[in-house]
Amino acid sequence: MDPHVVFDCQKILPNRFALALAAAARSRALNRGAEPRLDRQGVNASELALLEIANGAFVEDELAPYLFPSPAGAPLLAAPSTTPEFRGDGGSSAAAAPVSCPQEAVH
């Protein structure tokens, strides 16, 4: 693959992580039978996906999930709980070995 393809892709998607996600999604679609948007013979699906991105074969609506992080105010992950979770039998939810279990020493 031409190493300049990635540089051309970064003009469209400046974030390398977003570029990797977009190329992987397009590569999976091509492997599943989607129609290629470029007429290139002898290239694999991942290279074709990068070439399609570099040549601007997508409309902005298709790349929108990769261009913008999330709607304003929408959390990416749920906030962690500040209270510990306890089981009803008096123990915590953490798994631990029973105390009465004998341990064999290895010398």
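Just so it is clear, none of the values below were taken in a lab; they were calculated from the coordinates. Quick caveat: nothing in here was measured; it's all calculated off a predicted structure. Here the Cβ positions follow ideal geometry from the backbone for every residue, glycine too, while neighbour counts run over all protein chains shown.
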**OP:** Report the residue count in the stretch 31-64 for those that are in contact (Cβ under 8 Å) with a residue 12 or more places away in the chain, part of a helix (DSSP H, G or I) and either out of contact with any Phe, Trp or Tyr (no Cβ under 8 Å at 6 or more places or on another chain) or aromatic (Phe, Trp, Tyr) (or both).
**Re:** 11
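Return the residues of the stretch 1-60 that are of a type in the set (Gly, Ala, Ser) and loosely packed, with under 11 Cβ neighbours inside 10 Å; say none if nothing qualifies.
Of all residues in the stretch 1-60, those of a type in the set (Gly, Ala, Ser) come to 18, 20, 22-25, 27, 29, 33-34, 42, 45-46, 49, 54, 56-57.
Gly33, Gly42, listed by residue number.
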Subject >> Count of the stretch 15-30 residues which are out of contact with any helix residue (DSSP H, G or I) (no Cβ under 9 Å at 6 or more places or on another chain) and in a loop (DSSP other than H, G, I, E, B) >> reply: 0
